[in-house]
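The values are calculated or read from the model by the stated rules, or taken from the named source; none is laboratory data. Note that this is a predicted model, so its numbers are computed, not measured. Note that each Cβ is placed from the backbone with ideal geometry, even for glycine, and that neighbours are counted across all protein chains shown. Side chains included, ligands, DNA and RNA excluded: accessible areas come from the protein's heavy atoms. Shrake-Rupley method; radii C 1.70, N 1.55, O 1.52, S 1.80 Å.
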Amino acid sequence: VIEIYDGHAAPVVGPGGKDARGARLIAVSSNGIAGVLAGGSQVRVTNRKGGSPRTISGSHFIAPRWDDDDNLWLADRIGRQTRVRVAHGAAVTALPIGDLASLDIATFALSPDTSRYVVTARRGKTSEMYVGAVRRDAKDRVIGLTTPHRLRTAVENPTSATWASGTRVSFLGDSESGRQIYTAIIDGSDTTGGVAGGEALLPIAHADTLALGTAEAPPRYATDAKHRLWFLPPDGSWSQVKLRGVTGLTYGH
């Protein structure tokens, strides 16, 4: 497990920095590390020191997510149904998710305040983007997800959507210059980025994962089909980070 800061890479402190134990996708918080193991049917969870290991089983896991309350969000696919679970300590709870269950989701991300979620979902040979709300009870406990609504933009095949702020999502989408980064307001009223956006364009044709923070001008990271990692600093240009075989990318908590 590698940590990147301002384009500089170093192994994380602890056992995970020496051996990821076969993890292919990763989620990291200040207290824990969760990795989807090869085959996609198990998630291994430890604390940052590699202790208290536990394994959560499922099928076709996508990249997990931590929230600021140390909840680990897990989405997988059981048959033709999507399932979302929240793990906290030893407890793992399946959430009611409405029509989200019928979508074949490829990515899942939570807004900075954990009040909303965004997913990208496969539909045949194309993909679509959907946004919904996180339901909580009177004690602020997560009790489910609302049915998502499609976020319509003119960008084709949106994927790897993540939150740029509480009301904006950034994602990868197809353009005449290969896959580029776009940002959309969640009510669908405005989309920026890509070739016409005036920002530095990704120098690769097939980006597959995007990670960025929620600051005003956060650094951006992307991986490509050749498992390379790319870095864009604020007011800079894209450069390749000297790492090989990158399989998963996330913004840490």
Worksheet item: Taking θ as phi - 60°, what are the ³J(HN,Hα) couplings along the range 207-212 by the Karplus curve (6.51, -1.76, 1.60), each to the nearest whole Hz, with x for Gly and Pro?
Response: 5, 10, 9, 10, 9, 7
Discussion item. When 1/r is averaged over all different Cα pairs and the result inverted, which Kirkwood radius in Å belongs to the range 1-135?
Written reply: 15.6
Worksheet item: Got the relative contact order for the chain handy, in percent, Cα pairs under 8 Å and 6 or more residues apart?
Response: 12
Worksheet entry | Isotropic mean projected area of the C-alpha convex hull, the range 75-160 (nm²) | 6.4
Discussion item. Which GluC sites (Glu not before Pro) in the range 157-253 sit in a loop by DSSP (not H, G, I, E or B) and have at most 10 other Cβ atoms within 10 Å of their own Cβ?
Written reply: E216
Worksheet entry | Accessible surface of the chain [probe 1.4 Å, protein heavy atoms]: carbon and sulfur percent | 49
Worksheet item: Distance from the Cα centre of the range 172-198 to that of the range 24-83, in angstrom?
Response: 29
Worksheet entry | Accessible surface, per residue, of the chain when the full set of protein chains is kept, probe 1.4 Å, Å² | 50
Worksheet item: Mind listing the phi-derived Karplus ³J(HN,Hα) values for the range 69-85, rounded to whole Hz, using 6.51, -1.76 and 1.60 with θ = phi - 60°, and x for any glycine or proline?
Response: 9, 6, 7, 9, 9, 10, 10, 9, 10, 10, x, 10, 10, 7, 10, 10, 10
Worksheet item: Which order do I4, I204 take by accessible area at a 1.4 Å probe, largest first?
Response: I4, I204
Worksheet item: R150 versus S237, label points 7 Å from Cα toward the beta carbon: distance in nm?
Response: 3.9
Worksheet item: Accessible area of Y251, 1.4 Å probe, to the nearest 10 Å²?
Response: 100
Worksheet item: Largest first, how would L72, L249 line up by accessible area (1.4 Å probe)?
Response: L249, L72
